[in-house]
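One structure is given below, encoded as structure tokens.
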There are 2 protein chains.
Amino acid sequence: MGRVVFVGAGPGSADLITLRGMRRLGDADVVLADALTDPALRAYAPQALWVDVGKRGYGASVDQSTIDALLVEHARKAAVVVRLKGGDPSLFGRLEEELLACAAAGIACEVVPGVTAALAAAADAQRPLTRRGVGRSVSLATAMTRERALKALRTADTEVYYMAGKQLAALSQRLLAAGWPPSTPVSLLSDAGWPGALHSDLLLADLAAGAAGHTGHPTVVTVGAGAARLLPTASSPSVPEVAPGRALAIDPRL
Amino acid sequence: MGRVVFVGAGPGSADLITLRGMRRLGDADVVLADALTDPALRAYAPQALWVDVGKRGYGASVDQSTIDALLVEHARKAAVVVRLKGGDPSLFGRLEEELLACAAAGIACEVVPGVTAALAAAADAQRPLTRRGVGRSVSLATAMTRERALKALRTADTEVYYMAGKQLAALSQRLLAAGWPPSTPVSLLSDAGWPGALHSDLLLADLAAGAAGHTGHPTVVTVGAGAARLLPTASSPSVPEVAPGRALAIDPRL
């Protein structure tokens, strides 16, 4: 009987995986990988059988129960199965169901955390999610629930919505209804963690219009204190200035 | 004029840094490191001058303005200055002030994200922060504000409090006052990301008593949906069962 190691690959290019995650790949006999993970990660497990389980956020192309069954099946035959997930396994990753499937089969598990998209987006945009005095709490949520209902609240100083790219107009309406002022800063960051990430600065009132330029890219929406520019008036080489509604390609390695 | 790279070291042992962070360490002329980062990280930058800025969460032993000045001073003399921070730089890391200091001096910056303690704690305890149907949103906050006032709310399905170890009794009172039922599951995880991390399962009503065994360790407190055991009745080799109020040393590499 083998064991299963859930590894967070991070949200971006392969170099956002942790050293621990990379080493577990090196030990793997089998890797079950999400479609959202960088194919370049294969270089860290050339010895392993790679199985693409094709999961893309809520648009899963492989059924969750099929993934659960594949995990158990491979763990019964191989010593080390790595389940490679985009971002961090414990956030929006359906880890619960896969841990339960392993537990039911008596398979030992390990979880290796990863960088989640909200943190990579904040890093790329150079917008800290917490701010002195005004940004003490951060909320992470998916805009879309499993029932395809769009939810938005105003509970934390900074709120980050995952997988909201296709419904920015609806999201902005819900945020306004939840009490966020129209002048609330919003930071849109697509392809977080990748070279060529796209960043737009907007006001909440203009969020719907800001979708142009982000269409077709995985987008993180940050609202509130953590979306504000650090220097509203002065320009700085370290904080890209973007015209409202216009996405700017940024090089995270500047 | 050099540049400054803010690197999240992750919350635990050195192998939780990202590959990108490790590579930036390899390019560094100077490293300004928090006290909370693993000294083993020095192996990735043996060529650099290491400056311990001694920052330990809210108990900073080096004044923030001194750190800001050191960053600018070193960036004026060296090509690459790495500012190594525990966890992720964008969360509870005072990144805003350091970015502003660099911007004011015209110094280009890069931010490399890291694993934050909430995610490492969830991984070690094998308790996903999001749960199907009942755990859609996650809030991250420090229990202690800069003004030393303890705050706690009930806004998300799962709430994670950083740096709460010294005041679990007060935190439990605030959480109860905010409307969390006494039977709410609470997961205490100390030394997240390190071998020998300590985990306790509690009910909110028993949180004060649960402090024993966690005293003196950096502790993450997870409350609500994401703290619940995956299998309330069946035991499982992958989910350690802990008696309420008793901390259990767990090996994250089991």
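Kindly indicate whether any position in region B:33-50 is of a type in the set (Ser, Thr, Tyr), touching a residue at least 40 places away in the same chain (Cβ under 8 Å), assigned to a loop (DSSP other than H, G, I, E, B) and within 11 Å of another protein chain (Cβ to nearest Cβ). Walk me through it before giving the result.
Step one: filter region B:33-50 for residues of a type in the set (Ser, Thr, Tyr), giving B:37, B:44.
Keeping just the survivors that are touching a residue at least 40 places away in the same chain (Cβ under 8 Å) gives B:37.
Filter again for assigned to a loop (DSSP other than H, G, I, E, B), leaving B:37.
This time we only want the ones that are within 11 Å of another protein chain (Cβ to nearest Cβ), so: none.
No, region B:33-50 has no match at all.
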Flagged in region B:6-25 as at the interface with another protein chain (Cβ under 7 Å from one of its Cβ atoms), among the aliphatic types (A, V, I, L, M) and open to solvent by less than 10 Å² (accessible area, probe 1.4 Å), in numbering order, are B:Leu16, B:Ile17, B:Leu19
Suppose the filter is aliphatic (A, V, I, L, M), within 13 Å of chain A (Cβ to nearest Cβ) and more than 25 Å from A:Glu96 (Cα to Cα); does B:Ala178 pass it?
yes
Among the candidates B:Arg76, B:Arg56, B:Arg94, B:Arg42, single out the residue that is at pLDDT 95 or above, within 22 Å of the chain's Cα centre (by Cα) and of a type in the set (D, E, K, R).
B:Arg42
Hey, does region A:162-181 have a residue that's surrounded by 21 or more Cβ atoms within 10 Å (Cβ to Cβ), modelled with pLDDT of 95 or more and under 20 Å from the mean Cα position of the chain (by Cα)?
no
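What residue, among those in region A:119-139 that are of a type in the set (A, V, I, L, M) and out of contact with any Pro (no Cβ under 9 Å at 6 or more places or on another chain), is farthest from the other protein chains (Cβ to nearest Cβ)? Give the derivation first.
Of the residues in region A:119-139, the ones of a type in the set (A, V, I, L, M) are A:119-123, A:125, A:129, A:134, A:138.
So of that shortlist, the ones also out of contact with any Pro (no Cβ under 9 Å at 6 or more places or on another chain) come out as A:129, A:134, A:138.
Numbers: A:Leu129: 5, A:Val134: 10, A:Val138: 5 Å.
Within region A:119-139, the match that is farthest from the other protein chains (Cβ to nearest Cβ) is A:Val134.
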Name, by its number, the condition in (1) among the hydrophobic types (A, V, I, L, M, F, W, C); (2) over 18 Å from B:Val115 (Cβ atoms); (3) surrounded by fewer than 24 Cβ atoms within 10 Å (Cβ to Cβ); (4) at pLDDT 95 or above that does not hold for B:Ala212.
(4)
From the list B:Arg76, B:Arg127, pick out the single residue that is open to solvent by less than 20 Å² (accessible area, probe 1.4 Å) and of a type in the set (Lys, Arg).
B:Arg127
Specify which of the listed residues (A:Leu198, A:Leu129, A:Leu119, A:Leu189) is over 21 Å from B:Val7 (Cβ atoms) and among the hydrophobic types (A, V, I, L, M, F, W, C).
A:Leu198
Scanning region B:93-116 for residues that are in a helix (DSSP H, G or I) and more than 7 Å from chain A (Cβ to nearest Cβ), the one most open to solvent (accessible area, probe 1.4 Å) turns out to be B:Ala104
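Across region A:151-161, what is the total count of residues that are in contact with a Leu (Cβ under 6 Å, 6 or more places away or on another chain) and either touching a residue at least 60 places away in the same chain (Cβ under 8 Å) or open to solvent by 30 Å² or more (accessible area, probe 1.4 Å) (or both)?
Number of matching residues: 2.
For residues in region A:26-43 being of a type in the set (Gly, Ala, Ser) and in contact with a Lys or Arg (Cβ under 9 Å, 6 or more places away or on another chain), which is most open to solvent (accessible area, probe 1.4 Å)? Write out each step before concluding.
Taking region A:26-43 as the starting set, the residues that turn out to be of a type in the set (Gly, Ala, Ser) are A:26, A:28, A:33, A:35, A:40, A:43.
Pick out the ones that are also in contact with a Lys or Arg (Cβ under 9 Å, 6 or more places away or on another chain) and you get A:33, A:35.
Details: A:Ala33: 8, A:Ala35: 28 Å².
Once the filter is applied, the top-ranked residue is A:Ala35.
Within region A:166-210, track down each residue that is of a type in the set (Val, Ile, Thr) and more than 25 Å from A:Gly12 (Cα to Cα). Please lay out each step first, then the result.
Of region A:166-210, the ones of a type in the set (Val, Ile, Thr) are A:184, A:186.
Within region A:166-210, A:Thr184 is the sole residue that qualifies.
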Note on region A:165-184: residues more than 14 Å from A:Ala209 (Cα to Cα) and not in a helix (DSSP H, G or I) are A:Ala178, A:Gly179, A:Trp180, A:Pro181, A:Ser183, A:Thr184
Determine which single condition A:Leu84 fails, assuming it passes every other condition in (1) more than 11 Å from chain B (Cβ to nearest Cβ); (2) of a type outside the set (Gly, Ala, Ser); (3) open to solvent by 10 Å² or more (accessible area, probe 1.4 Å).
(3)
Kindly indicate whether A:Leu71 is facing chain B (nearest Cβ under 10 Å) and either aliphatic (A, V, I, L, M) or open to solvent by 10 Å² or more (accessible area, probe 1.4 Å) (or both).
no
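Looking at region B:141-148, is at least one residue under 15 Å from the mean Cα position of the chain (by Cα), without any contact (Cβ under 8 Å) to a residue 40 or more places away in the chain and either assigned to a helix (DSSP H, G or I) or closer than 17 Å to A:Thr130 by Cβ (or both)? First the steps, then the outcome.
Filtering region B:141-148 down to residues under 15 Å from the mean Cα position of the chain (by Cα) leaves B:141-144.
Still in the running and without any contact (Cβ under 8 Å) to a residue 40 or more places away in the chain: B:141.
Still in the list and also either assigned to a helix (DSSP H, G or I) or closer than 17 Å to A:Thr130 by Cβ (or both): B:141.
Among the residues of region B:141-148, at least one is under 15 Å from the mean Cα position of the chain (by Cα), without any contact (Cβ under 8 Å) to a residue 40 or more places away in the chain and either assigned to a helix (DSSP H, G or I) or closer than 17 Å to A:Thr130 by Cβ (or both), which makes the answer yes.
The values are calculated or read from the model by the stated rules, or taken from the named source; none is laboratory data. Everything numeric here is computed off the predicted structure, so don't read it as measured data. Glycine gets a Cβ as well: all are built from the backbone with ideal geometry, and neighbour counts include every protein chain shown. Areas reflect the complete protein model, heavy atoms only, side chains present, ligands, DNA and RNA absent. Shrake-Rupley method; radii C 1.70, N 1.55, O 1.52, S 1.80 Å.
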